[in-house]
Amino acid sequence: DAVTWYAENVLPILRRDAPGLVTTIIGSNAPPALEAFAAPDFVIAGFIPDVTPFYEKARLSISPLRYGAGVKGKVNLAMQYGVPVVATPLSVEGMFLTHEKDVLVADTAEAFAAAIIRVNTDAALWARLRAGGLENIEAHFSRATARRALASLLDLD
């Protein structure tokens, strides 16, 4: 649903306002309806056993979720690699993320496309989001944070 919404609503805006920008979708079993959107600027890479090379080259990550709950692992994974994230409000619920500090949040296709363009063209914003994302991971989702929480719960302090 999220990627289909992106392809149908955000991608046309990017093609108009930022031609040449390439979106790569990683994940197995893309439905045929989504495969129909494949193009040079919308690459459906499929299952990738090691995503490290993709994140090392990525300028940003997107999370256009429209429904779901809980911590979004792909958002955390991107931030762990130091890749800024553009996300819908639902994508960042409960993740201690702040718009403009460690993520850009957008709730419409127009705002989502504008946020993607901003991150791709504003070096200072990109650096701020990268640093904020890494700090968020360290503060809330690192092994050290998990150890402290478990020690507290088990009264090991």
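The values are calculated or read from the model by the stated rules, or taken from the named source; none is laboratory data. Computed from a predicted model, the values in this text were never measured in an experiment. FYI the Cβ positions are ideal-geometry reconstructions off the backbone, even for glycines, and counts take in every protein chain you see. Side chains included, ligands, DNA and RNA excluded: accessible areas come from the protein's heavy atoms. Shrake-Rupley method; radii C 1.70, N 1.55, O 1.52, S 1.80 Å.
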Heavy-atom accessible area of Thr4 with all protein chains present, probe 1.4 Å, nearest 10 Å²?
40 Å²
Per DSSP H run of n ≥ 4, the term is -39500 (n - 2.57); total these for the chain, divide by its residue number, and report the mean residue ellipticity at 222 nm rounded to 500 deg cm²/dmol.
-12000 deg cm²/dmol
Among the range 61-98, those whose backbone N falls under 13 Å of a label point 7 Å along Cα→Cβ from Thr52 are 81
Which of Arg147, Arg118, Arg128 moves the most in a Gaussian network model of the chain with Cα springs under 10 Å?
Arg147
When all alpha-carbon pairs of the range 26-65 are counted, what percent fall beyond 15 Å?
50 percent
Once you have the Cα-Cα distance between Asp107 and Ala127, take 0.36 nm times their residue separation minus that, and quote the gain in nm to one decimal.
4.9 nm
Stretch Glu35-Ala18 to full length: gain in nm at 0.36 nm per residue minus the Cα-Cα span?
3.9 nm
